[in-house]
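To start, the structure under review is shown below, and the notes come after it.
The values are calculated or read from the model by the stated rules, or taken from the named source; none is laboratory data. Please read these numbers as outputs of a predicted model, since none were measured by experiment. Note that we place each Cβ from the backbone using ideal geometry, even for glycine, and neighbour counts take in every protein chain shown. SASA here: full protein model, heavy atoms, side chains in, ligands and nucleic acids out. Shrake-Rupley method; radii C 1.70, N 1.55, O 1.52, S 1.80 Å.
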Amino acid sequence: MITLRKVETEDLEQFFIFQQDADAAHMAAFASTNPKDRSVFDHHWGELLNSDDTVVRTIDRDGQPVGSIAAFEDESSREITFWIEKRFWGQGITTEAVEKFLTEFPERPVTARVVVDNLGTLKILESLGFSEVGEESSFSNVRAKVVQEKILQLS
């Protein structure tokens, strides 16, 4: 069973481990340049958890944290971002978690940015009603190059 809950301190240890996976970081494209730097991780998560404009949840599968999902205020909408531990990819967990999150926060529009070669995430978002509204070039620290991102929106 997939549930969403507030992030607890002990979840952060799991999230730090999750970001060590090079394949997952490559697909996300906008992870930390040095995923092993705990001080950067702690600073980033401190900002997320202490922001009044950001909603962050732990994604649990049968009581175990398997990822995180967040929404933050962007220029004209709320933007979502999520990370699932790689061994849980392709099992429907991400789709179910994002769907639950969107139900919990019905504010629209909601935007998401996805690197064009992250086909799994694109498929998930499109299945939930997101549609492409633009494309943008951005520098990815993880990939050390400029990448194309699709900008998707749920109205």
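Here are the numbers:
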{"quantity": "Condition met for Thr94 (over 22 Å from Glu136 (Cβ atoms), β-branched (Val, Ile, Thr), modelled with pLDDT of 90 or more and over 12 Å from the mean Cα position of the chain (by Cα))", "calculated": "no"}
{"quantity": "Conditions (1) open to solvent by 80 Å² or more (accessible area, probe 1.4 Å); (2) touching a residue at least 12 places away in the same chain (Cβ under 8 Å); (3) over 23 Å from Phe16 (Cβ atoms): number failed by Gln148", "calculated": "(1)"}
{"quantity": "Hits in the stretch 96-145 - residues which are of a type in the set (Val, Ile, Thr), assigned to a helix (DSSP H, G or I) and surrounded by 17 or more Cβ atoms within 10 Å (Cβ to Cβ)", "calculated": "Val98, Thr121, Ile124"}
{"quantity": "Selection within the stretch 18-52 - within 23 Å of Gly120 (Cα to Cα) and at pLDDT 90 or above", "calculated": "Phe18"}
